Amino acid sequence: MESLALYSPSSATSAATSFSNRSFPRLRSRASISLPSRTPVTTTLALRPISSPKFSLLNSKLFLFNPLSKPISKPPPLITRASSASDKISTATPQVTPKPQGAKPIPLIISVAIGLLVRFAIPKPPEVSPQAWQLLAIFLSTIAGLVLSPLPVGAWAFLGLTTSVLTKTLPFSAAFGAFTNEVIWLIVISFFFARGFVKTGLGDRIATYFVKWLGKSTLGLSYGLTLSEALIAPAMPSTTARAAQNLLCLKLAEELGVVVSSPWVSWFKAASLPAFVALLATPFILYKLYPPETKDTPDAPAMAAKKLDLMGPVTRNEWTMIGTMLLAVSLWVFGDALGISSVVAAMLGLSILLLLGVLDWDDCLSEKSAWDTLAWFAVLVGMASQLTNLGIVSWMSNCVAKSLQSLSLSWPAAFLILQASYFCIHYLFASQTGHVGALYSAFLAMNLASGVPGVLAALGLAYNTNLFGALTHYSSGQAAVYFGAGYVDLPDVFKFGFIMAVINALIWGVVGTFWWKFLGLY
């Protein structure tokens with residue numbers, strides 16, 4: 001999670017949005033039914049998530065697993081009562097319908113049609129090169145396919161990458177260049193850390209403590225996890241750690257003459273109230289929009305306490321996992337002084353776990369979500385980076401600037417439009433830092449030219465840089481990991497990402513306006 005202070009005060013909302021999308025998995029009740037002859041029916045309920053038994057708290061490195069029941073290896077047999085006089089019980093094995101092979105026809109046609117329409121039906125602007133326009137068409141077709149899902153995410157992203165190389169839109173080296181991106185490998189290694197929490201049982205132990213303290217309801221549990229991450233955030237840099245986009249925002253603002261005095265304090269004060277309101281609102285709103293099937297679990301704390309007794313003391317491997325994570329987190333925080341980047345710190349931590357036998361290589365190979373994320377996220381990062389290099393993004397920002405100049409708007413109206421445009425353009429980006437590098441200076445300059453107070457414009461853009469990290473599953477490194485946990489279907493990620501973006505805009509727009517006026521930012 002981004003830091004709540006200088007590292008990222010607004011990310012309490014961003015990470016809460018990302019995390020909460022997965023912290024309310026729809027729980028499915030499975031009944032394991034035992035029917036001894038001529039005895040009452042007894043039912044045992046085991047609460048499990050639909051897709052995955054875990055949800056993660058990325059940068060605090062907490063990985064939470066279902067503490068209430070052990071995984072069910074296979075569905076219970078269907079129990080049917082015979083109609084004979086002897087009233088015998090018979091067991092029928094459910095028939096499994098094979099999954100359809102290949103791409104889904106209608107989503108495939110729609111996704112491809114979007115790209116073809118952009119490429120051949122919409123006139124190319126004269127400022128844009130044919131290569132850039134063709135890449136934009138492929139990118140939009142790829143994004144459409146990720147939403148409509150004609151194929152699994154990784155497979156569809158690979159098809160988009162193949163198309164860009166086959167049509168000579170991108171050379172092979174440029175198309176695959178993002179596979180060496182440090183942030184992407186940091187994400188992959190975080191999945192392996194998650195495997196360590198599973199294998200050692202440390203995640204189960206931590207989860208059980210949370211259930212013991214806050215497990216009377218799923219909403220209470222979500223608030224506990226969200227607030228715990230917010231408390232950790234001020235001392236924790238983002239997943240991009242040593243190149244945190246917030247520090248880059250300040251540096252770029254200084255180059256345009258906007259200096260934020262006492263940056264840590266100023267940043268924290270300006271963000272604290274709207275971030276706190278959004279932090280409280282986000283879990284509750286998502287709880288209402290995407291409610292779990294099981295909401296109240298009054299017996300869960302007592303069950304958790306009993307389970308902790310049965311688990312016994314912390315094992316050697318759990319202590320090793322704790323020590324390794326403390327080392328990794330320390331290097332993420334203080335690595336600059338030692339010349340150690342965040343991804344190297346993660347590599348060191350994984351190497352320790354492999355050397356000491358906490359993990360073996362088969363554990364890493366079996367972590368399919370990590371390799372799947374590597375595939376699709378690298379494809380999107382590569383395409384988005386090339387769109388910037390080919391001038392598509394700067395063309396869009398110039399169009400916005402010309403429109404504003406022609407309207408002669410007041411500075412509050414210009415501020416609103418520019419902030420909204422800066423936010424929505426992130427659908428074309430797979431990196432927050434990349435977005436800042438490409439557009440922050442241009443949009444800050446447009447704000448200043450429109451008469452927006454400098455510090456307000458600089459901080460507003462920086463806060464939005466963190467808020468749009470929850471917009472899609474590829475909009476930030478954190479979002480990629482949360483989506484990889486498997487709790488929320490991709491269309492729901494886009495749907496709730498947009499809904500929470502609107503809600504955050506209202507919270508920051510209303511609360512922030514009065515708060516920033518009180519602080520004297522305008």
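The values are calculated or read from the model by the stated rules, or taken from the named source; none is laboratory data. As the structure is a computational prediction, the values presented were derived from the model and not from experiment. FYI the Cβ positions are ideal-geometry reconstructions off the backbone, even for glycines, and counts take in every protein chain you see. To get the accessible areas, we keep the full protein, side chains included, count just its heavy atoms, and leave off ligands, DNA and RNA. Shrake-Rupley method; radii C 1.70, N 1.55, O 1.52, S 1.80 Å.
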Report task. Run residue 297 past the list (1) surrounded by 15 or more Cβ atoms within 10 Å (Cβ to Cβ); (2) at pLDDT 90 or above and report the number of the one that doesn't hold. Result -> (2)
Query raised in the report: Among (1) under 21 Å from residue 246 (Cα atoms); (2) open to solvent by 20 Å² or more (accessible area, probe 1.4 Å); (3) among the aliphatic types (A, V, I, L, M), which single condition is residue 407 missing?
Result: (1)
Query raised in the report: Consider residue 359 against the criteria (1) in contact (Cβ under 8 Å) with a residue 12 or more places away in the chain; (2) part of a helix (DSSP H, G or I); (3) of a type outside the set (D, E, K, R); (4) under 24 Å from residue 194 (Cα atoms): it satisfies all of them except one. Which criterion is unmet?
Result: (2)
Report summary line: Reported set for the range 343-380 where residues are open to solvent by 10 Å² or more (accessible area, probe 1.4 Å), under 19 Å from residue 477 (Cα atoms) and among the polar types (S, T, N, Q) is 369
Requested in this report: Could you check, for the range 385-394, whether at least one of its residues is of a type in the set (Val, Ile, Thr) and part of a loop (DSSP other than H, G, I, E, B)?
Outcome: no
Requested in this report: Could you list all residues from the range 161-185 that are under 22 Å from the mean Cα position of the chain (by Cα) and part of a helix (DSSP H, G or I)?
Outcome: 178, 179, 180, 182, 183, 184, 185
Report summary line: Considering the range 145-159, residues that are assigned to a helix (DSSP H, G or I) and open to solvent by 50 Å² or more (accessible area, probe 1.4 Å), and then whichever is modelled with the lowest pLDDT, we arrive at 148
Report task. Among what's in the range 160-180 and is surrounded by 21 or more Cβ atoms within 10 Å (Cβ to Cβ) and not small (Gly, Ala, Ser), pick the residue that is nearest to residue 133 (Cα to Cα). Result -> 169
**Report entry** For residue 409: the one exception among (1) assigned to a helix (DSSP H, G or I); (2) more than 26 Å from residue 494 (Cβ to Cβ); (3) in contact with a Ser or Thr (Cβ under 8 Å, 6 or more places away or on another chain)
**Finding:** (1)
Query raised in the report: Quick check, is residue 259 in contact with a Lys or Arg (Cβ under 8 Å, 6 or more places away or on another chain), modelled with pLDDT of 85 or more and either within 30 Å of residue 520 (Cα to Cα) or in a loop (DSSP other than H, G, I, E, B) (or both)?
Result: no
Query raised in the report: Which of the residues spanning the range 322-335 are loosely packed, with under 14 Cβ neighbours inside 10 Å and more than 20 Å from residue 202 (Cα to Cα)?
Result: 334
Query raised in the report: residue 415: touching a Ser or Thr at 6+ places or on another chain (Cβ under 8 Å), open to solvent by less than 50 Å² (accessible area, probe 1.4 Å), more than 30 Å from residue 179 (Cβ to Cβ) and in contact (Cβ under 8 Å) with a residue 40 or more places away in the chain, yes or no?
Result: yes
Query raised in the report: Has the range 420-428 got at least one residue that is open to solvent by less than 10 Å² (accessible area, probe 1.4 Å) and of a type in the set (A, V, I, L, M)?
Result: no
Requested in this report: Report the residue count in the range 300-321 for those that are open to solvent by 50 Å² or more (accessible area, probe 1.4 Å) and either touching a Leu at 6+ places or on another chain (Cβ under 7 Å) or among the hydroxyl-bearing types (Ser, Thr, Tyr) (or both).
Outcome: 2
Query - Answer from 496, 518, 423, 443 - the residue that is more than 25 Å from residue 290 (Cβ to Cβ) and either of a type in the set (Gly, Ala, Ser) or at pLDDT 90 or above (or both) - result: 518
